[in-house]
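> One structure is given below, represented as structure tokens, and several questions about it will come after.
The values are calculated or read from the model by the stated rules, or taken from the named source; none is laboratory data. Model, not experiment: these values are computed from the prediction. Because the Cβ atoms are built from the backbone with ideal geometry, glycine has one as well, and the counts that use them run over all protein chains shown. In case anyone asks, the SASA skips ligands and DNA or RNA and just uses the protein heavy atoms, side chains included. Shrake-Rupley method; radii C 1.70, N 1.55, O 1.52, S 1.80 Å.
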Amino acid sequence: MSDPPRPRPLLLDIWIASELMASLLDRNLKLEDVDTDFYGTLSVIGAFGPLTPSELALRPGTPLPTVSDRVRRRVEDGDAERIPNPDDGRSHLVRLTAEGDARWRRGWPALQATIKQISDNLDSPVDEVHDAIEALIAALRKASRPLAPIP
């Protein structure tokens, strides 16, 4: 008797795609002499900010303590700053400083090169792949909602 066929390895494929994308982007950022430390955090703040730390954590699904540490480091390095939240006096917003914005923008050629390298090697139109990725992100967010935060 033979073993039943294995299901397609969805989670493994997602992880492999993430690792490959990170390696390609890291290489391209380094070719542009852009510091890759916390570049993703800078990108989320730059693209969607100013944000509360909670909003910054929700975008990529990163635990709030991790985001708080990243924000602290970005503030210490001068890439980001905390400003009062006009909608809630008890909280603050995080935004890029002029230095952080310039650092983030220095990476844009590497981002464009990475997008081109990926899209040039796709068998499907990039918009279709992007739509599928957005649907995957939405499904992962829905599936993650009922989870209790990890202490």
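> Looking only at the range 74-82, decide whether some residue is within 16 Å of the chain's Cα centre (by Cα) and under 24 Å from residue 25 (Cα atoms).
Looking for residues that are within 16 Å of the chain's Cα centre (by Cα) and under 24 Å from residue 25 (Cα atoms), one finds at least one in the range 74-82, hence yes.
> Checking residue 24 against (1) open to solvent by 100 Å² or more (accessible area, probe 1.4 Å); (2) farther than 23 Å from residue 145 by Cα; (3) in a helix (DSSP H, G or I): exactly one of these is not met. Which one?
The failed condition is (1).
> A further question on this structure: Does the range 83-122 hold any residues that are without any contact (Cβ under 8 Å) to a residue 40 or more places away in the chain and either buried (at least 17 other Cβ atoms within 10 Å of the Cβ) or touching a Pro at 6+ places or on another chain (Cβ under 7 Å) (or both), and which are they?
83
> Residue 61 fails exactly one of the following numbered conditions: (1) part of a loop (DSSP other than H, G, I, E, B); (2) modelled with pLDDT of 95 or more. What is the number of that condition?
For residue 61, the failing item is (2).
> Can you pull out every residue in the range 53-83 that is among the β-branched types (Val, Ile, Thr) and more than 11 Å from residue 95 (Cβ to Cβ)?
62, 66, 67
> Okay, moving on. In the range 52-81, what residues are closer than 23 Å to residue 139 by Cβ and surrounded by fewer than 21 Cβ atoms within 10 Å (Cβ to Cβ)?
If the condition is that a residue be closer than 23 Å to residue 139 by Cβ and surrounded by fewer than 21 Cβ atoms within 10 Å (Cβ to Cβ), then 54, 55, 58, 59, 60, 61, 62, 63, 64, 66 are the ones that fit.
> Is it the case that some residue within the range 37-48 is over 16 Å from the mean Cα position of the chain (by Cα) and either open to solvent by 60 Å² or more (accessible area, probe 1.4 Å) or under 21 Å from residue 19 (Cα atoms) (or both)?
Restricting attention to the range 37-48, the residues satisfying the condition of being over 16 Å from the mean Cα position of the chain (by Cα) are none.
Taking every residue of the range 37-48 in turn, none turns out to be over 16 Å from the mean Cα position of the chain (by Cα) and either open to solvent by 60 Å² or more (accessible area, probe 1.4 Å) or under 21 Å from residue 19 (Cα atoms) (or both).
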